[in-house]
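Trainee: This is the structure I want to talk about, given as structure tokens.
The values are calculated or read from the model by the stated rules, or taken from the named source; none is laboratory data. Model, not experiment: these values are computed from the prediction. Neighbour counts run over all protein chains shown; Cβ positions are idealised from the backbone, glycine included. Side chains included, ligands, DNA and RNA excluded: accessible areas come from the protein's heavy atoms. Shrake-Rupley method; radii C 1.70, N 1.55, O 1.52, S 1.80 Å.
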Amino acid sequence: MDLNILDLGRCGYQEALEIQYDILKKRQDDNIEDTLILVEHPPVITIGRNGFPSNIIVPEKYLKEQGVEVHQVERGGDVTYHGPGQIVGYPIVKLKDRKMGIRDFVEGIEETFIQLLGENYSIIAGRNSEHTGVWIDNNKILAIGLAVKRGVTMHGFAFNVKTKLDHFNLIVPCGISNKGVTSIEHITGHPAELAQVNKQIIKHFSKSFDYNAIQK
């Protein structure tokens, strides 16, 4: 099965969300194949449908001064930060065609990044029995928050490549107060290029879900 790849580069959150909805509608109507959107956002905090605004722990005025936007969104999960140095992926996937449920899909995303980190960076990563995502010890490197609309997924994952980790101090990440966050660059101590990591994501995502990736 083919997978369209749409690399938006650096793109504002609202603009990327509108693109998501456009592709979502086309996929629901079977006008296009499954699509993986890859993007890097300017600083933004998103609150999931089950989220608590109180998990943003700095005043709104401070966020505005720092140029950090806040958006309430329809994905699962709590409060998440996106920003430069982080790759965000939005898989627009018709689950019925993949013959899988949402739990299988989440586990496939987790496996994608567990394999990517091990193969490319010799980083041993795994799952957490209580929380979704990919973890290195008690630190999250990949967050996942999805929504399903008429059988098609949207929203997705956030992968910390060389993210400014102190920006996570603006929030209680995913509502989890007793664990931390990390990034490839923080662990390895070496620069990591987003363009190269994008290629690794496409390779491992395609392998996990048996896709033939087509770059647009």
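Trainee: Checking Y211 against (1) aromatic (F, W, Y); (2) closer than 22 Å to G77 by Cα; (3) modelled with pLDDT of 95 or more, which test does it fail?
Mentor: (2)
Trainee: Something else: Return the residues of the range 26-42 that are of a type in the set (K, R) and open to solvent by 30 Å² or more (accessible area, probe 1.4 Å); say none if nothing qualifies.
Mentor: Taking the range 26-42 first, the residues of a type in the set (K, R) are 26-27.
Residue satisfying the conditions is K26 alone.
Trainee: Looking only at strands (runs of 3 or more DSSP E) that lie completely in the range 43-112, which have at least 2 residues being under 24 Å from I141 (Cβ atoms) and open to solvent by 10 Å² or more (accessible area, probe 1.4 Å)?
Mentor: Values: elements: 44-47, 69-72, 79-82, 86-92.
In the range 43-112, 69-72, 79-82 are the strands (runs of 3 or more DSSP E) which contain 2 or more residues that are under 24 Å from I141 (Cβ atoms) and open to solvent by 10 Å² or more (accessible area, probe 1.4 Å).
Trainee: Same structure, new question: Having 2 or more residues that are closer than 30 Å to E60 by Cα is the bar; report the strands (runs of 3 or more DSSP E) wholly within the range 138-216 that clear it. Let's see the steps before the verdict.
Mentor: Working: elements: 139-149, 152-160, 212-215.
Per the criteria, 139-149, 152-160.
Condition check ((1) among the aliphatic types (A, V, I, L, M); (2) without any contact (Cβ under 8 Å) to a residue 12 or more places away in the chain; (3) out of contact with any helix residue (DSSP H, G or I) (no Cβ under 9 Å at 6 or more places or on another chain); (4) open to solvent by 30 Å² or more (accessible area, probe 1.4 Å)) across all residues:
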position	(1), (2), (3), (4)
L117	yes, no, no, no
S122	no, yes, no, yes
A125	yes, no, no, no
S129	no, yes, yes, yes
V152	yes, no, no, no
